[in-house]
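What follows is a single structure, written as structure tokens, with notes after it.
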Amino acid sequence: MAASLCHFPPAVSSSSSLFVGSKSRSLLLAVSPFKHFPSKSSISASLPWTRSYAVSNDAAAFSVASPSDLRESPSLGEITRPDFPILRQVVNGFNLVYFDNAATSQKPSSVIKALSEYYELYNSNVHRGVHYLSAKATDAYEEARNKVANFVNAADRREIIFTRNATEAINLVAYSWGALNLRPGDEIVLTIAEHHSSIVPWQIVAKKTGAVLKYVELTKEVPDLDQFKGLLSKNTKLVVAHHVSNVLGSVLPIDEIVDWSHKVGAKVLVDACQSVPHMVVDVQKLNVDFLVASSHKMCGPTGAGFLYGKINLLSSMPPFLGGGEMITDVFQDYSTYAEPPSRFEAGTPAIAEAIGLGAAIDYLSSIGMEKIHNYEKKLSEYLYYQLSSVPNIHIYGPAPSDTVHRAALCAFNVDNIHPTDIATFLDEQHGVAVRSGHHCAQPLHRALGVNASARASLYFYNTKEEVDTFIQALKDTIEFFTTAA
Amino acid sequence: MEATADARWFRAASRSCAPRRQRRRLPADFVRCVHAARPFPAGVDRARHRLGRLANEFRSLPEPLDRVKRLLDYASELPAFPEAGRVPANAVSGCTARVWLAVAADDGEQGRTRMRFAADSDSEIAKGFCSCIVTVLDGALPEEVLEMTTEDFGALEVMGSPARAVNSRVNTWNNVLISMQKRTRELMAAREEKEEQQEGGRFLCGTWRRSSSDRGASLPRIPDKS
């Protein structure tokens with residue numbers, strides 16, 4: 001398959017000092033003139049890459065340019081890296097190459113500062129106190145909710161519920177909406193490629209309510225949309241779908257899925273954990289009923305996530321957890337409940353973490369999600385085609401093309417070498433961090449016919465040079481285990 | 001093959017090791033392999049002794065890459081694990097690689113029960129870990145198995161050292177050791193219960209009848225005729 005990769009330089013030669021064997025390997029770091037986050041004018045002035053070339057079916061046929069021909073300006077990765085202190089460290093004698101962003105992202109200084117400032121300057125419980133600190137904390141917490149609402153273009157700020165993470169958000173929908181609305185024989189349609197957090201809560205609730213789970217299988221390593229349409233019926237009450245797969249890297253057409261599902265009267269819950277951090281997600285445009293995402297995958301702190309739900313749905317749903325904050329009045333034998341979002345935020349919330357998520361949104365917005373997405377599209381293509389050049393490798397999911405967008409992550413296997421061996425050696429001998437295992441997608445791995453895979457997942461602060469380093473390190477790893485066998 | 005393997009299988013398996021690969025030339029000051037037979041003085045904790053020698057062996061290799069190669073050598077030396085033993089009951093949960101562990105109690109030597117272990121994995125590094133742990137604990141007394149900790153294996157300082165992320169669910173050392181200890185306890189508890197039932201049966205046949213009110217009371221032990 002030929003594809004045109006515009007604005008993207010090929011790999012540097014193998015004699016570069018950037019590659020394995022040299023513990024003095026260093027990454028190109030642009031000096032950032034920005035204290036907290038880069039200005040839009042600076043980023044817009046930096047063109048990603050300007051060379052273009054055609055790609056043949058044989059990835060090894062890529063032309064190799066000299067390093068001096070590679071770029072005319074720093075990449076987004078080089079501009080933003082200085083904002084992330086953790087990326088500057090040395091691991092096992094090598095500069096860290098962090099390629100595990102699908103598991104969790106790193107945090108810019110501005111987010112770390114926001115967390116510290118909260119605890120240093122205005123830590124106080126929210127919503128109840130009348131004193132200065134409480135008012136300031138409440139304002140910051142609710143401002144974070146506004147920022148999330150704006151970030152996903154929710155129509156109403158009350159449609160954003162803060163949770164501990166996306167998993168809790170899905171459980172909220174399952175135990176609240178699901179328990180109320182599902183009856184015996186009702187069907188929940190979900191894909192075989194869902195994260196465990198999108199499967200297990202529905203298994204539990206289905207058992208309680210008598211509902212049935214129906215799975216969309218794979219075709220050519222992506223969910224079969226024709227089969228999906230065939231599974232929809234008047235019995236379908238809920239469709240659960242990922243936006244971007246954390247293993248396959250594939251992107252589902254959520255707008256079409258919502259359209260098909262609504263026609264049969266089904267609600268749609270979208271797992272946007274791998275999309276919200278990387279692209280513009282507009283819940284009104286997509287017309288989803290529920291959407292979940294995690295703060296820690298989008299430069300925010302752990303311990304925070306959110307559920308978006310249409311206000312009419314949330315207003316009709318019973319509480320998930322009971323306690324303080326979510327009530328209006330409490331009597332000995334009954335209580336009345338607050339309106340959304342408070343109804344679903346029982347107890348003292350993760351205040352600092354929500355404020356940190358707000359700071360992360362500020363940071364991402366200052367770059368621009370379109371720019372992040374465009375940069376990652378090219379990084380994704382580069383990663384995929386460089387990885388394709390490694391002998392005896394199988395990359396799961398679709399190949400990127402003009403019509404097929406692929407996220408900047410690749411789960412893969414190399415013949416006769418366990419992915420855990422690859423990941424361990426890459427870490428210990430090269431300072432490269434990738435993940436190995438089932439990535440919380442065991443049904444998917446069974447469908448792919450494997451027990452585990454290795455996964456490299458990138459974010460906007462990663463660079464082409466890091467991809468080159470990773471590829472060379474991987475080749476060295478494969479040679480080691482092949483020789484040792 | 002059932003979860004608790006017949007001890008005779010372990011004796012046979014240890015004699016028929018997997019074909020050995022060509023050993024790499026190692027530094028002149030390399031510590032002698034722990035597999036070499038050596039008599040143990042009475043009272044010496046065999047497991048601790050073997051662990052110490054294994055730790056010295058790895059520490060004598062200055063380069064991390066040499067330690068990895070030695071770990072893979074140990075992986076290749078692990079006796080063959082029968083396909084029939086790769087059953088869910090023998091699976092060690094939590095590892096990112098698949099690991100199987102077979103456990104049996106062997107009454108062979110001087111009437112003392114010793115634990116026998118066999119393990120395997122589809123990952124060469126995890127297999128190397130398993131080989132090291134089996135080297136240390138195969139043939140150990142139950143109490144020696146139970147008092148070992150994951151941190152003890154940190155002395156090996158080999159790739160994926162258990163000193164890091166002990167409580168991580170992907171720590172193979174931790175998962176395998178915990179599985180060994182859990183199944184050792186289960187085997188020993190099952191044996192004690194069986195012995196108590198047998199002792200209760202012998203009393204019923206003799207002059208002293210065991211009533212329900214006597215349960216829990218300390219019973220006189222009948223000398224073991226064996």
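In segment B:58-82, the residues that are more than 15 Å from residue A:481 (Cβ to Cβ) reach residues that are of a type in the set (D, E, K, R) and assigned to a helix (DSSP H, G or I) with C-beta atoms within less than 7 angstrom, at least six apart or across chains, in these pairs: B:58/B:67; B:58/B:70; B:61/B:67; B:61/B:70; B:64/A:428; B:78/B:127. Residues satisfying the criterion are present in segment A:348-361 (criterion: more than 19 Å from the chain's Cα centre (by Cα) and under 30 Å from residue A:441 (Cα atoms)). Tallying residues that are touching a helix residue (DSSP H, G or I) at 6+ places or on another chain (Cβ under 7 Å) and in contact (Cβ under 8 Å) with a residue 60 or more places away in the chain within segment A:388-398 yields 4.
Flag not set for residue A:276, criterion: surrounded by fewer than 18 Cβ atoms within 10 Å (Cβ to Cβ), among the hydrophobic types (A, V, I, L, M, F, W, C) and outside any helix (DSSP H, G or I). From A:446, A:435, which residue is among the charged types (D, E, K, R) and in contact (Cβ under 8 Å) with a residue 24 or more places away in the chain? Every option except A:435 fails the conditions.
When residue A:471 is tested against the conditions (1) hydrophobic (A, V, I, L, M, F, W, C); (2) surrounded by fewer than 24 Cβ atoms within 10 Å (Cβ to Cβ); (3) within 12 Å of chain B (Cβ to nearest Cβ), the lone failure is (3).
Out of A:211, A:293, one residue alone is touching a residue at least 24 places away in the same chain (Cβ under 8 Å) and crowded, with 24+ Cβ neighbours inside 10 Å. It is A:293. The residue list A:107, A:113 contains one member that is more than 30 Å from residue A:311 (Cβ to Cβ), part of a loop (DSSP other than H, G, I, E, B) and away from chain B (no Cβ under 14 Å), which is A:107. Taking segment A:409-455 as the region of interest, how many residues are outside any helix (DSSP H, G or I), hydrophobic (A, V, I, L, M, F, W, C), within 23 Å of residue B:68 (Cα to Cα) and within 13 Å of another protein chain (Cβ to nearest Cβ)? So the answer is 5. Going by the structure shown, is residue A:93 closer than 30 Å to residue A:432 by Cβ and at pLDDT below 95? For residue A:93, the condition - closer than 30 Å to residue A:432 by Cβ and at pLDDT below 95 - is met. Applying the condition of being outside any strand (DSSP E or B) and within 14 Å of chain A (Cβ to nearest Cβ) to segment B:89-107 and asking which residue is surrounded by the fewest Cβ atoms within 10 Å (Cβ to Cβ) yields B:93. Any residue at all in segment A:429-449 that is β-branched (Val, Ile, Thr) and over 23 Å from the mean Cα position of the chain (by Cα)? There is no residue in segment A:429-449 that is β-branched (Val, Ile, Thr) and over 23 Å from the mean Cα position of the chain (by Cα). Of the numbered criteria (1) assigned to a loop (DSSP other than H, G, I, E, B); (2) surrounded by fewer than 21 Cβ atoms within 10 Å (Cβ to Cβ), the one residue A:246 fails is (2).
Does residue A:402 fit the bill of being in a loop (DSSP other than H, G, I, E, B), out of contact with any Gly (no Cβ under 6 Å at 6 or more places or on another chain) and of a type in the set (Asp, Glu)? For residue A:402, the condition - in a loop (DSSP other than H, G, I, E, B), out of contact with any Gly (no Cβ under 6 Å at 6 or more places or on another chain) and of a type in the set (Asp, Glu) - is met. All of (1) without any contact (Cβ under 8 Å) to a residue 60 or more places away in the chain; (2) touching a strand residue (DSSP E or B) at 6+ places or on another chain (Cβ under 9 Å); (3) surrounded by fewer than 23 Cβ atoms within 10 Å (Cβ to Cβ) hold for residue A:192 with one exception: (1). Checked against the criterion of being of a type outside the set (Gly, Ala, Ser), within 23 Å of residue B:100 (Cβ to Cβ) and at pLDDT below 60, the candidates B:171, B:167 yield just one match: B:167.
The values are calculated or read from the model by the stated rules, or taken from the named source; none is laboratory data. Only a predicted model underlies this, so the values are computations on that prediction, with no experimental measurement involved. FYI the Cβ positions are ideal-geometry reconstructions off the backbone, even for glycines, and counts take in every protein chain you see.
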